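Structure first, then comments.
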Amino acid sequence: MKLANKVAVITGAGSGIGQTTALLFAKEGAKVVVADLNVNGGTKTVDLIKKAEGNAALILTDVSDVSSVKKMVKSTVDMHGGLDILINVAGVFAEGDVVSTSEDDWDRVLGVNLSGIYLCMKYCIPVMMKNGGGVIVNVASEAGLVAIANQVAYNVSKSGVIALTRSAAIDFVDKNIRVNCICPGRVLTPLVKKVINESKNPDSTRRLLSEDRPLKRMGKPEEIAAGILFLASDEVKYAVGTVLTIDGGYTVR
């Protein structure tokens with residue numbers, strides 16, 4: 001087991017990549033804290049882990065709210081005595097260019113996707129330092145590496161995640177805290193499946209969403225979770241400030 005007895009906080013673990021990562025981490029022996037605002041999704045994740053005889057608990061968390069993040073960290077420490085791994089997956093999306101994007105959408109996307117990671121690291125890192133170190137993996141996106149049309153807030157937030165990761169990696173490497181990030185491409189999550197199924201022509205929409213990358217398909221949540229596990233495990237202790245791209249070849253062009 002690669003994460004035996006490690007305490008892992010995973011934000012956004014109530015669905016999609018976060019949920020898949022939580023299940024994988026529990027399988028690898030971690031004590032998983034599901035930090036999510038989605039009660040139903042978070043409960044389902046915990047139930048799936050417990051059904052597989054894993055260790056998990058749900059802590060309702062709004063990563064964009066400082067008091068909620070502080071409460072999540074305190075509850076984790078009270079429950080497990082500390083934390084070893086932080087996986088920042090929670091994120092939201094909004095369409096629009098710089099003119100059409102509303103101020104509310106801008107604040108919401110930047111608040112969750114970027115400030116949320118800042119807050120979780122800000123209050124988790126001191127706990128890790130007390131325990132002798134830890135590992136953080138932030139989920140950015142291919143949109144943080146190349147501009148994708150009509151999603152300016154999302155692009156900016158994910159570019160910021162990469163810069164935040166690199167800054168924290170340099171600042172805390174001497175505290176035995178490794179900070180890395182992963183940049184997924186388009187992944188066939190429940191949300192993407194919903195968009196496909198509700199479109200006028202699901203088959204055409206699926207093809208359109210698949211064929212814009214060299215591999216000619218969307219990614220699987222399990223493939224992204226495997227990359228997160230790789231960065232979080234002790235297999236690559238030499239990885240500091242790494243940006244791991246898993247996008248079917250989208251950004252190599």
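The values are calculated or read from the model by the stated rules, or taken from the named source; none is laboratory data. What you see is a predicted model, and the numbers here were worked out from it, not measured in a lab. Don't worry about glycine lacking a Cβ; one is built from the backbone with ideal geometry, like all the others, and counts go over all protein chains shown.
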Select from the range 207-227 the residues that are of a type outside the set (D, E, K, R) and within 23 Å of G12 (Cβ to Cβ) and list them in ascending order.
L209, M218, G219, P221, I224, A225, A226, G227
Within the range 220-244, residues under 13 Å from I85 (Cβ atoms) and β-branched (V, I, T) come out as I228
For D107, which of the numbered conditions (1) under 21 Å from T61 (Cβ atoms); (2) surrounded by fewer than 17 Cβ atoms within 10 Å (Cβ to Cβ); (3) touching a residue at least 40 places away in the same chain (Cβ under 8 Å) fails to hold?
(3)
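Conditions tested, residue by residue: (1) touching a Phe, Trp or Tyr at 6+ places or on another chain (Cβ under 9 Å); (2) closer than 19 Å to T20 by Cβ.
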| position | (1), (2) |
| --- | --- |
| S115 | no, no |
| Y118 | no, no |
| M128 | yes, no |
| V152 | yes, no |
| P190 | no, yes |
| I196 | no, yes |
| K200 | no, no |
| R207 | no, no |
| K220 | no, yes |
Which fully enclosed helices (runs of 4 or more DSSP H) of the range 91-182 have 1 or more residues being within 25 Å of L3 (Cα to Cα) and charged (D, E, K, R)?
116-130, 152-172
How many of the residues in the range 1-45 are assigned to a loop (DSSP other than H, G, I, E, B) and over 18 Å from V73 (Cβ atoms)?
10
Could you pull out every one of the helices (runs of 4 or more DSSP H) wholly within the range 184-253 that has 3 or more residues that are under 14 Å from the mean Cα position of the chain (by Cα)?
221-232
Could you count how many residues in the range 212-251 are modelled with pLDDT under 95 and not assigned by TED's automatic domain parsing to the domain that holds Q19?
1
Residues (out of contact with any Asp or Glu (no Cβ under 6 Å at 6 or more places or on another chain), hydrophobic (A, V, I, L, M, F, W, C) and surrounded by 22 or more Cβ atoms within 10 Å (Cβ to Cβ)) located in the range 1-20:
A8, V9, I10, I17
Within the range 124-145, track down each residue that is surrounded by 17 or more Cβ atoms within 10 Å (Cβ to Cβ) and more than 29 Å from Y250 (Cα to Cα).
C124, I125, V127, M128, G134
Out of A90, A22, A30, I need the residue that is among the hydrophobic types (A, V, I, L, M, F, W, C) and without any contact (Cβ under 8 Å) to a residue 40 or more places away in the chain. Which one?
A22
Subset of the range 47-60 [closer than 17 Å to V7 by Cα and either modelled with pLDDT under 95 or not aliphatic (A, V, I, L, M) (or both)]
K50, E53, G54, N55
So, in the range 21-30, how many residues would count as being surrounded by fewer than 24 Cβ atoms within 10 Å (Cβ to Cβ) and in contact with a helix residue (DSSP H, G or I) (Cβ under 9 Å, 6 or more places away or on another chain)?
4
Go through the range 79-90 residue by residue and tally those that are β-branched (V, I, T) and outside any loop (DSSP other than H, G, I, E, B).
2
